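The values are calculated or read from the model by the stated rules, or taken from the named source; none is laboratory data. If you're wondering where the values come from, they're calculated on a predicted model, not measured in any experiment. Methodologically, a virtual Cβ is constructed for each residue, glycine included, from the backbone with ideal geometry; neighbour enumeration extends over all protein chains shown.
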Amino acid sequence: MQLTERINRIQISPTAAVIAEAEKLKAKGVDIADFGPGEPDFPTPEHIKKAAIRAIEQNFTKYTATGGILPLREAICAWHKRELKSGYEPKECVVNVGGKHSIFNVVSVLVQQGDEVIVPAPYWVSYPDIVKYAGGTPVHVETRAEDGFSVKASVIEKAITAKTRMVILSSPNNPTGGVIPPDEYGRILSVCRKHNVWLMSDECYSHFTYEPHKPFSIASAADSKENVIIIGSVSKTFAMTGWRIGYTLAPAPLVQALIKLQSQSTSNPTSIAQYAALAAMTGTMDTVPVMLAEYAKRRKRIVEGLNAIPGVKCAQPGGAFYAFPDVSAHLSGPHALAKDTTELATLLLDKARVALVGGDAFGAPGYLRLSYATSLERIEEGLRRLDRFFSRAEAAA
Ligand SMILES: Cc1ncc(COP(=O)(O)O)c(C=O)c1O
């Protein structure tokens with residue numbers, strides 16, 4: 001079939017591919033220790049579900065304003081101000097069909113052929129492909145485990161050229177859990193301002209930070225508005241991945257362009273989901289610390305367990321719900337288990353019945369990503385399987 005050159009520039013999301021493979025095996029009755037999914041294993045809170053049911057009963061089931069209902073845009077601005085100390089107004093806010101859609105739209109509107117976009121590696125799998133689809137070129141700069149996978153302003157500045165249009169950051173980061181400290185984030189903003197480059201800040205994991213880190217938005221910095229684009233989502237914070245509600249906070253003319261694009265593609269995000277998100281943004285947030293406390297316990301256990309496995313080194317992630325161990329010791333020398341982490345992930349699924357994602361997908365050869373959005377019991381089982389697999393390999397070496 002002849003497809004466009006554009007669609008051939010990108011690949012299916014590797015995380016989606018792993019999940020599909022694990023699901024196939026599970027459907028056949030195979031017991032998989034599943035560290036694949038990047039979504040909370042908690043249900044959407046009751047008051048949010050009830051708001052959606054009410055929306056249906058009250059017939060809020062029709063088209064809405066393309067950029068989202070005004071009460072939701074007001075609520076997002078108020079929530080962001082209260083939680084993250086920004087100062088946006090509804091005209092600077094557009095509701096999208098999930099944070100991924102927000103990023104896709106922003107990049108579509110701002111990036112074109114010949115533009116470069118700086119994306120620190122390891123990166124979330126969708127950033128480079130979204131940039132490529134828009135005709136841009138992703139430029140990767142390295143972040144290191146020794147620095148907590150936090151990118152430095154000086155490294156970004158060195159990568160800026162006359163073609164640089166945007167820098168995309170996520171903090172906490174998927175896949176590393178890295179958190180950019182506020183002062184470094186401020187320096188990155190100054191670099192972007194100096195070079196007149198957009199700073200897109202993906203805050204999808206903003207509320208999943210572990211002590212000493214705190215939720216932070218660069219939108220709280222004075223004079224940030226001109227260059228900063230905030231991407232937010234209810235997916236992770238409120239365990240609402242399936243509802244598909246995200247948002248963009250940005251200068252009003254950019255928001256207008258995003259609404260124009262949305263008016264010719266998805267139209268408004270689902271009306272019912274918008275009312276659910278309104279309840280999330282205006283209601284109690286008491287489920288958030290409960291989830292975070294559970295993730296903190298799991299983080300401790302999984303990092304400890306991974307570090308006890310031969311040839312595996314895992315730094316403590318500062319946020320999100322992913323462990324990102326270095327397994328490069330098993331990928332080189334005469335007893336290498338696989339040629340790369342993609343092959344290793346396949347081997348782990350086939351032989352150890354553990355589902356996870358190879359670091360290659362995130363621009364991080366030598367690493368694996370394990371989501372610990374799964375019960376402690378399943379984490380223990382997965383760790384036992386990984387230990388058996390790698391210990392046997394070590395013994396055979
Ligand atoms: C870093 C990051 N940004 C954005 C998203 C998008 O989330 P959603 O489209 O569900 O809002 C994800 C989802 O995994 C993510 O990991």
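So in region 6-58, with the set limited to residues that are polar (S, T, N, Q) and under 21 Å from the mean Cα position of the chain (by Cα), which one is nearest to the ligand (Cβ to nearest atom)?
In this case the residue turns out to be Thr15.
Considering only region 269-287, how many residues are surrounded by fewer than 19 Cβ atoms within 10 Å (Cβ to Cβ) and of a type in the set (A, V, I, L, M)?
Looking only at that region, the number is 2.
So for region 374-395 (the condition being within 30 Å of Pro215 (Cβ to Cβ), in contact with a helix residue (DSSP H, G or I) (Cβ under 9 Å, 6 or more places away or on another chain), crowded, with 16+ Cβ neighbours inside 10 Å and among the aromatic types (Phe, Trp, Tyr)), does at least one residue qualify?
No, region 374-395 has no match at all.
Tally up the residues in region 130-174 that are farther than 19 Å from Asn196 by Cβ, assigned to a helix (DSSP H, G or I) and within 15 Å of the ligand (Cβ to nearest atom), please.
The number of residues fulfilling the criteria is 1.
I'd like the full set of residues that are away from the ligand (no atom under 13 Å from the Cβ) and surrounded by fewer than 22 Cβ atoms within 10 Å (Cβ to Cβ), limited to region 228-254.
Scanning region 228-254 gives Pro251, Ala252, Pro253, Leu254.
Would you point out which residue out of Asp41, Asp31 is closer than 30 Å to Glu380 by Cβ, of a type outside the set (Phe, Trp, Tyr) and touching a Ser or Thr at 6+ places or on another chain (Cβ under 9 Å)?
Unique residue meeting the criteria: Asp41.
Taking region 101-123 as the region of interest, how many residues are within 19 Å of Ser217 (Cβ to Cβ) and either within 11 Å of the ligand (Cβ to nearest atom) or touching a Pro at 6+ places or on another chain (Cβ under 7 Å) (or both)? Give the derivation first.
Start the filter on region 101-123 by keeping residues that are within 19 Å of Ser217 (Cβ to Cβ), which leaves 102-103, 106, 120.
Still in the list and also either within 11 Å of the ligand (Cβ to nearest atom) or touching a Pro at 6+ places or on another chain (Cβ under 7 Å) (or both): 102-103.
Number of matching residues: 2.
Whether any residue in region 194-212 is in contact with a Leu (Cβ under 9 Å, 6 or more places away or on another chain), over 30 Å from Val290 (Cα atoms) and of a type outside the set (S, T, N, Q) is what I want to check.
yes
Consider Ala296 against the criteria (1) crowded, with 18+ Cβ neighbours inside 10 Å; (2) farther than 29 Å from Gln58 by Cβ: it satisfies all of them except one. Which criterion is unmet?
Result: Ala296 passes all but (1).
Would you confirm, using the coordinates I've provided, whether Lys225 is in contact with a Cys (Cβ under 6 Å, 6 or more places away or on another chain) and under 30 Å from Thr64 (Cα atoms)?
Details: in contact with a Cys (Cβ under 6 Å, 6 or more places away or on another chain): no; under 30 Å from Thr64 (Cα atoms): yes.
Spelling it out, it is not the case that Lys225 is in contact with a Cys (Cβ under 6 Å, 6 or more places away or on another chain) and under 30 Å from Thr64 (Cα atoms).
Out of all the residues in region 75-82, is one or more at positive phi, in contact (Cβ under 8 Å) with a residue 60 or more places away in the chain and within 16 Å of the ligand (Cβ to nearest atom)?
So far as region 75-82 goes, no, none of its residues is at positive phi, in contact (Cβ under 8 Å) with a residue 60 or more places away in the chain and within 16 Å of the ligand (Cβ to nearest atom).
Can you list residue pairs whose Cβ atoms sit under 9 Å apart, with the first residue in region 7-30 being modelled with pLDDT under 85 and the second being among the charged types (D, E, K, R) and in a helix (DSSP H, G or I)? Count only pairs 6 or more apart in sequence or on different chains.
Ser13/Asp129; Pro14/Asp360
Mind checking which residues of region 68-85 are in contact with a Cys (Cβ under 8 Å, 6 or more places away or on another chain) and more than 13 Å from Met281 (Cα to Cα)?
Gly68
Answer yes or no as to whether Ser154 is closer than 23 Å to Ser217 by Cβ, among the polar types (S, T, N, Q) and surrounded by 20 or more Cβ atoms within 10 Å (Cβ to Cβ).
Taking the combined requirement at face value, the residue does not satisfy it.
Name the single residue, out of those in region 175-211 being of a type in the set (A, V, I, L, M, F, W, C) and within 16 Å of the ligand (Cβ to nearest atom), that is farthest from Lys300 (Cα to Cα). Steps first, answer last, please.
Residues of region 175-211 of a type in the set (A, V, I, L, M, F, W, C): 179-180, 188-189, 191-192, 197-200, 204, 208.
Going one step further and asking which of them are within 16 Å of the ligand (Cβ to nearest atom), we end up with 179-180, 199-200, 204, 208.
Values: Val179: 17, Ile180: 21, Leu199: 32, Met200: 31, Cys204: 22, Phe208: 14 Å.
Taking the candidates together, the pick is Leu199.
I'm trying to understand the selection: among the residues of region 214-258, which are part of a helix (DSSP H, G or I) and under 21 Å from Arg165 (Cα atoms)?
The answer is Ile218, Ala219, Ala252, Pro253, Leu254, Val255, Gln256, Ala257, Leu258.
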